[in-house]
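Asks: This is the structure I want to talk about, given as C-alpha cells.
The values are calculated or read from the model by the stated rules, or taken from the named source; none is laboratory data. This structure is a prediction, so every number in the text was calculated from the model and none was measured. Glycine also receives a Cβ, built like all others from the backbone with ideal geometry; neighbour counts cover every protein chain displayed. Keep in mind that these areas ignore ligands, DNA and RNA; they rest on the heavy atoms of the full protein, side chains included. Shrake-Rupley method; radii C 1.70, N 1.55, O 1.52, S 1.80 Å.
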Amino acid sequence: MAKSSKIRLLYVSSIDIRWMHLEWVCRTLDRERFELSFLLLSLSPRRPHLESVLEELGIPYRTVKCRLTPGGILGTIREVWRECRRRRAEVVHTHIFFASLVGLLGAFLARVPVRVNTRHHSMPNHGTPKIWLDRLANRLATCIIAPSEMLRRVLVDLEGVPSRKVRLMRLGIDLERFRDVPAALVREMSAKYNPAGDSPVVGVIARHIELKGIQYTIPAFARLLERYPKARLVLAFAVGPYHETLQKQLESLPADRYVQIPFEENVFALYKTFDVFVHVPIGDDQESFGLVFLEALAAGVPSIFTLSGIGPEILVHGRDAWLVEHRNSDRIHEGLLALLEDPGLRASLAREGWNTVYPAFSLSRMARSLEALYEEELGAR
C-alpha cells in the first residue's frame, strides 16, 4: 500500500458544550491534504457535542473521560501519548486550558514534532500560582497561536515566550450564517423568549463571570426602564461562578423585564431578536479574542462594546459600534439611549459592522491560514 502524503493532524480539545469553532474547522479544513482526527477529553458526564459532528463528517475520534485528580491527570496524559502514537501524529493542535496542558505534554512525550496551542485565555492566571501552568504549556508548544495582538503581547512581554514561537492569527466565523437567518426562525426565537413582544430588546451573550462586565449592564438597563418601561433584557448563556452576584442585581428589576437563558443552540436567530447588543468586558486584557464582537457585527445588531481582545484592532467608535469606557454603567446607559433614539445611526453601524468583519474573519481565510501554518511548521522541522 502506498504511503499517504497527507499530514497526520490530531486535534485535542476539552470542551463538552457546543463550540462552533471546532465544527467550522472540521468543515473547512482541506481533508485532501490533512488526515484529521480528534481526541476529546471530557470532564463532564454528558456526551461531547462535537461527537455527532465528527460522526456526520466521517472524522475519526476517541473520547476519554477525565478526572481532575493526580491519578486521573496522569492517566489522561498517557491516553494522549497513546493516541499520538496510534495515529502517528505529525501535528497536534490543542484547545482549552486542560487539553492544552495534558495534550501538549502527551504529544511531547510521544515525540510529535509540531505541537500547536491556540491560547484562549489572557490574564486570569497572572498573579496566581496557576501561572506556572501557562508557562509550562508555553514551553511544551512548538507554536502558539495568539488570536489578537493584545494576547500576543501578553505571551511575549509578560510571559517571556520567544516572539518567533508566537503566530498572530485571527479566528473566523460563519459570517453568512449570522447575516442571513430565515425570518421564520427569528419569529420562533422571539416567541420563545419574548412572547409579549416587548420592545426594545437589549441582548447580552456571555457566561456569568466577573470579567464579562454584565454587572455594569444591569444598572444601565434599570435606568433605561425609566424611558422605555417595556424594554426587555435578554441574558444568554446565563451560567457561571458569578451568577449569584448577578442574580442579586437582577432582583432590583421587575421580574417580567428580563429573561435568563442557560443555553441556546441557535445563536444565529437569537442575535436577530435584539434591538441593541451589549458586551462590555472590564479591561482591555480580559478577552483573548472576543468572538461575540464578530458575531454581533455579522448579525447586523447595533452594539455597545468596551475595547478588549480583538476589539482595539477592528472597532472605531461611531463607525461600526458604540464604544464606552470600562466599568461604567453611566456610559452604557448613554449608549443605549443614543442608539435607540437614532435609527440612522443604528442602520449605519449595522452596515459598517458587516464591512468590518467581511471577508477579514471568514472561515475560508481562517482555514487557509491554519493549513499554511501546519505545513510551514512541519517543514521547518
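Asks: With N set to the number of residues, divide the alpha-carbon radius of gyration of the chain by 2.2 N^0.38 Å and report two decimals.
Replies: That works out to 1.02 for the chain.
Asks: What length, rounded to one decimal in nm, is gained on full extension from R381 through to E51, with 0.36 nm per residue of separation minus their alpha-carbon distance?
Replies: 115.6 nm is the gain from fully extending R381 to E51.
Asks: Carbon-plus-sulfur fraction of the accessible area of the chain, 1.4 Å probe, in percent?
Replies: 52 percent
Asks: Let me ask another. Based on the mean of other beta carbon atoms within 10 Å per residue, what is the order of 158-168, 71-81, most packed first?
Replies: 71-81, 158-168
Asks: How about region 317-354: which trypsin sites (Lys or Arg not before Pro) there lie in a loop by DSSP and see at most 12 other Cβ atoms within 10 Å?
Replies: none
Asks: Amide H neighbours of K65 under 5 Å, counting only residues 5+ apart in sequence or on other chains, H built in-plane at 1.01 Å?
Replies: Hits under the 5 Å cutoff: S42.
Asks: In a shell of Cβ-Cβ distance under 10 Å around R33, excluding R33 itself, what net charge do Lys and Arg (+1) and Asp and Glu (-1) give?
Replies: -3
Asks: Which order do the peptides 142-148, 310-316 take when ranked by the mean count of other beta-carbon atoms within 10 Å per residue, highest first?
Replies: Descending mean neighbour count gives 142-148, 310-316.
Asks: Eight or more residues apart or on different chains, and alpha-carbon atoms under 29 Å: count the Lys pairs in the chain matching that.
Replies: Step by step, the pairs that qualify in the chain add up to 14.
Asks: Same structure again: Using only alpha carbon pairs under 8 Å that are at least six residues apart, calculate the relative contact order of the chain and give it in whole percent.
Replies: Normalised by residue count, the contact order of the chain is 15 percent.
Asks: When ligands, DNA and RNA are left out and all protein chains stay put, how many square angstrom of accessible area per residue does region 1-98 have with a 1.4 Å probe?
Replies: 49 Å²
Asks: With r as the distance between the Cβ atoms of E188 and L168 and R0 = 41 Å, compute the FRET efficiency 1/(1 + (r/R0)^6) and round to 0.05.
Replies: 0.55
Asks: Can you tell me how region 235-290 classifies by the Cα gyration tensor, rounded, prolate or oblate, using a/c under 1.5 as the rounded cut?
Replies: Taking the square roots of the gyration eigenvalues as a ≥ b ≥ c, region 235-290 is oblate.
Asks: Something else now. Taking amide H positions as placed in the peptide plane 1.01 Å from N, state which residues far from S303 in sequence (5 or more) or on other chains have amide H under 5 Å from it.
Replies: F277, W322
Asks: When the Cα centres of region 218-269 and region 69-83 are compared, how far apart do they sit, in Å?
Replies: Spelled out, the Cα-based centre of one part sits 41 Å from the other.
Asks: Using only Cα atoms and rounding to the nearest 10 degrees, what angle (0 to 90) does helix 131-140 make with the longest principal axis of the chain?
Replies: The angle comes out near 50 degrees.
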